[in-house]
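Here is the structure we will look at.
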Amino acid sequence: MILRNRLHFPDSVRQIQPCLLACLLGLASLHADAANELVLQMETSLSMDANPFRFYDGQLDQQQNVIPHQTDTVNSVDLRAGMIIPVASEQTRLILTGSLGNRHYKDYRQLDHQEAAGDAVFEWQRGKLFSGRLSAGRDQHLFQYINGSLTQKDLAHDKRASADLSLHLTEDISIISQLYRSDLNYDLDVNQLYNFSEKGKQISVRYTSPTASNIEIGARNASTDFPDRTAQQISDLGQQYQETEAFLNAEWFYSVKTATSAHLGYIRRRYENLAERDTGLFNMIWRATYHYSPEMRLDLQLYDRPINIVDPTILYVVTKGVRADVSWKWSEKTRFNVSGLWQNSDQQLIPRIAALNNLSSQKEKMQRLGFGASYQLERGFRLFMDSFIEKTDAETIRQTLRQTIVKIGLEYTFENLPGSALKLGLGRYQQTLSTTEASKE
């Protein structure tokens, strides 16, 4: 049943294919250069989604009828590939990765779509003094539905590029500079007010100890433009804002078993057409990892961060939360993972909506539990199950949103050198429900 889905991609997806095709061509020349690291990964899966559009309990349609929460099944097929190509040395190399995927819904056929992504990274080093990194990527994915307000299919298209340069003053001290740009565009007219282009630059100084622990202090400046907003949308949400952030990053490897890292920042946001909403925002995330034993790993995250949300009544959201993950290697072939997430969000309303409701924000509480398991078969095959159950309480409007997703699948990985798939980070292209990126390692 799972294998019925076919990989057929329209012209919009083919724009992303060259990176992936280059990886596949590299696989054909496997014996030409044994120094190249080459990976091909294929996955087929079946998912059950209890609330694809994320309706609230008892949510009404335009005719004031309760909208039923219809469970749907999603048939998925994915092809992922990657290459690491040394250029002159192991420190100077080209990294190509990509993914193509097909999603087929049993009942909500309007959501059938193709997902695609491709990334190219060039890392280089010039003696002991200079090193750098150039990267570019793009991807296409389904719009992330939030509250049942949209039931049409919409696809988001991301593009990103960055250039990093590091000047190593000594073995311990480096000056790091970065230029970056990201763009996001939606297909549907109703979401195009969130099409944006962000351009930024960053500079920092990093000290690295002999034990690889490090501390970094720096500043970031960025400009974000929303070119497709109407006059009313500009009045409500602004058309451009500037951000400056002063930040401190640190990593501390306390022992072989224990490591922790943190990002502490203060952001000043200034709106071009909405000066009354100029604000200061904290940006904090703290992570800790503890290897309780060779078989068990514990991860903990705490965060207090601002995010943007696709809702024309909300300017931005401040989220505070804690996440815990446990990964357990039961045997050489069998793994389990459990996660828990508790989050409070404060959704800052636009001035017009805030004045109408005599409220400056809406508050939500979210709890999410995840569970996953995998079994490694012979010759690169892996059976897996992934799932989560989520409950969100919108306190201001007194509504509750529930969603449960269960996914089962079969994955095949070919790699010419053991560990290449992990090194290439192909897991970032896989939709994981119950694990953090850190806990996949």
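Laboratory data are not the source of any read-out in this text; all were calculated from the coordinates shown. This is a predicted model, so every value here is computed, not measured. FYI the Cβ positions are ideal-geometry reconstructions off the backbone, even for glycines, and counts take in every protein chain you see.
Of the options 191, 145, 166, report the single residue whose Cα projects farthest towards the positive end of the charge dipole of region 125-198 (beta-carbon charges: Lys, Arg +1; Asp, Glu -1).
Farthest towards the positive end: 166.
Rounded to the nearest 20 debye, what is the charge dipole size of region 121-165 about its Cα centre when +1 sits on each Lys and Arg Cβ and -1 on each Asp and Glu Cβ?
Details: 7 positive and 5 negative charges, 44 e Å.
Here the size comes out at about 220 debye.
Would you work out the charge dipole size for the chain about its Cα centre, treating the Cβ of every Lys and Arg as +1 and the Cβ of every Asp and Glu as -1, and quote it to the nearest 20 debye?
Working: 48 positive and 52 negative charges, 81 e Å.
Dipole size: approximately 400 debye.
Please name which of 86, 255, 36 has its Cα lying farthest along the dipole of the chain towards the positive end, using unit charges on Cβ (Lys, Arg +1; Asp, Glu -1) and the Cα centre as origin.
Final value for the positive-end residue is 255.
Could you identify which residue out of 419, 370, 118 has the top mean-square fluctuation in a GNM of the chain using Cα springs shorter than 10 Å?
Judging by the Gaussian network model, the answer is 419.
Hey, got a sec? Which trypsin sites (Lys or Arg not before Pro) in region 382-413 land in a DSSP loop and have at most 15 other Cβ atoms within 10 Å? Can you show the working numbers first?
Values: sites: 382, 391, 398, 402, 407; in loops: 398.
Loop-located and lightly packed - 398.
In region 43-107, which trypsin sites (Lys or Arg not before Pro) fall in coil by DSSP and have 15 or fewer other Cβ atoms within 10 Å?
Numbers: sites: 54, 80, 93, 103, 106; in loops: 54, 106.
Counting only loop positions with at most 15 other Cβ atoms within 10 Å, the trypsin sites (Lys or Arg not before Pro) in region 43-107 are 106.
Choose one of 219, 425, 356: the residue whose Cα lies farthest towards the positive end of the charge dipole of region 2-440 (beta-carbon charges +1 Lys, Arg; -1 Asp, Glu; about the Cα centre).
Farthest towards the positive end: 425.
Residue by residue, what Karplus-based ³J(HN,Hα) values in Hz, rounded to whole numbers, does region 91-101 have, using 6.51, -1.76 and 1.60 with θ = phi - 60° and x for Gly and Pro?
Each residue of region 91-101 in turn: 7, 10, 8, 10, 10, 10, 9, x, 8, 10, x Hz.
Springs between alpha-carbon pairs under 10 angstrom, Gaussian network model over the chain: which of 127, 101, 409 fluctuates most?
127
Over region 2-440, with a single point scatterer placed on each C-alpha, what log10 of the ratio I(q)/I(0) does the Debye formula yield at q = 0.12 1/Å?
-1.32
Simple spin-label model, 7 Å along Cα-to-Cβ: residue 104 to residue 159 in nm?
3.2 nm
Using R₀ = 45 Å, calculate the FRET efficiency as 1/(1 + (r/R₀)^6) where r is the Cβ-Cβ separation of residue 215 and residue 383; round to 0.05.
Numbers: r = 43 Å, r/R0 = 0.94.
For residue 215 and residue 383, the calculated efficiency is 0.60.
Taking chymotrypsin sites (Phe, Trp or Tyr not before Pro) as exposed when DSSP calls them loop (any state but H, G, I, E, B) and at most 16 other Cβ atoms lie within 10 Å, what is the longest stretch of the chain free of them, the sites themselves excluded?
Values: sites that count: 108, 254, 292, 330.
The answer is 109-253.
Divide by every residue of the chain the summed helix terms, -39500 (n - 2.57) for each DSSP H run of at least 4, and state the resulting mean residue ellipticity at 222 nm, rounded to the nearest 500 deg cm²/dmol. Show your work: numbers first, answer last.
Details: 5 runs with 35 residues, N = 441.
Theoretical 222 nm ellipticity from helices: -2000 deg cm²/dmol.
7 Å from Cα along Cα→Cβ at both residue 73 and residue 87: what's the point-to-point distance in nm?
It works out to 4.7 nm between the two label points.
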